[in-house]
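Notes for the one structure printed next.
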Amino acid sequence: DQQVKQNSPSLSVQEGRISILNCDYTNSMFDYFLWYKKYPAEGPTFLISISSIKDKNEDGRFTVFLNKSAKHLSLHIVPSQPGDSAVYFCAASYSGSARQLTFGSGTQLTVLP
Amino acid sequence: EAGVAQSPRYKIIEKRQSVAFWCNPISGHATLYWYQQILGQGPKLLIQFQNNGVVDDSQLPKDRFSAERLKGVDSTLKIQPAKLEDSAVYLCASSSGTGPSNYGYTFGSGTRLTVV
């Protein structure tokens, strides 16, 4: 039972253009969502998060959008840079879960110079 | 601030052998997690500690996996005996439990286990 889904295993984008990574969830109890970036041979590093009381959160080139009715969130990276090439994981948590994270399967983003 | 330390970085063992992984969390972080990441999948929680007590081990295959966090600081995860399907990256994370952005979650670099 996959509660957090990232249906696109990979995405290629030209440098300078927008990257849009998508994530869907099924558990209505989730109220906090996070994006992590992972380089090979390293652990995931936190990128940006959003609470369910918001529909948008911005941090520099990164913006996360949340559509609660559709149980969908997306990460926008503008402009994309070659250094952004990594695996991006969507994760979710809810208040009663002792801050345990449920992860999606990840999307490999490749930014082409 | 030093990060989450894990060792070894890589381990290759034969099936039915035993193996142990070590994690030293960020100083002062009360909560420690072990995640298993199988190739092509996202990390999956195995066990969560709060200080030296277990908060949740419902997804830990207890017939072969065990974990402890003596003295509420560093932790070890053991597999005995290992199966082929245990091949994965084992990630340790720690959290201060506070902070609006990500609960202060920090992951280590992981231990890549290959069972042959």
B:Gln50-A:Gln3 pseudo-label distance in nm [points 7 Å out on the Cα-to-Cβ vector]: 1.7
Globularity index of the protein assembly as shown, i.e. its alpha-carbon radius of gyration over 2.2 N^0.38 Å: 1.01
Candidate aspartates and glutamates for bridging to B:Lys11, where Cα separation is under 15 Å - those fewer than 8 sequence places away on the same chain excluded: B:Glu85, B:Asp86
Cα-Cα over 28 Å, subset of A:Lys38/B:Lys78; A:Lys37/B:Lys15; A:Lys5/A:Lys38; A:Lys71/B:Lys83: A:Lys37/B:Lys15; A:Lys71/B:Lys83
Anisotropy class of chain B from Cα gyration tensor, a/c 1.5 cut: prolate
Neighbouring partner chain Cβ atoms per residue of A:32-39, average, 10 Å criterion: 3
Mean Cβ neighbour count within 10 Å, used as a protection proxy, ranking B:14-24, A:15-25, B:40-50, A:84-94 highest first: A:84-94, B:40-50, A:15-25, B:14-24
Highest-MSF residue in chain A out of A:Thr63, A:Thr102, A:Thr26 [GNM, Cα springs under 10 Å]: A:Thr26
Mean separation of Cα contacts under 8 Å, 6 or more apart, over the residue count of chain A: relative contact order %: 37
Sum of side-chain charges, A:Val4 neighbourhood, beta-carbon under 13 Å (Lys, Arg +1; Asp, Glu -1): +1
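Laboratory data are not the source of any read-out in this text; all were calculated from the coordinates shown. Predicted, not measured: the structure shown is a model, and the values here were computed from it. Positions of Cβ are generated from backbone atoms using ideal geometry, with glycine treated the same way; all protein chains shown enter the neighbour counts.
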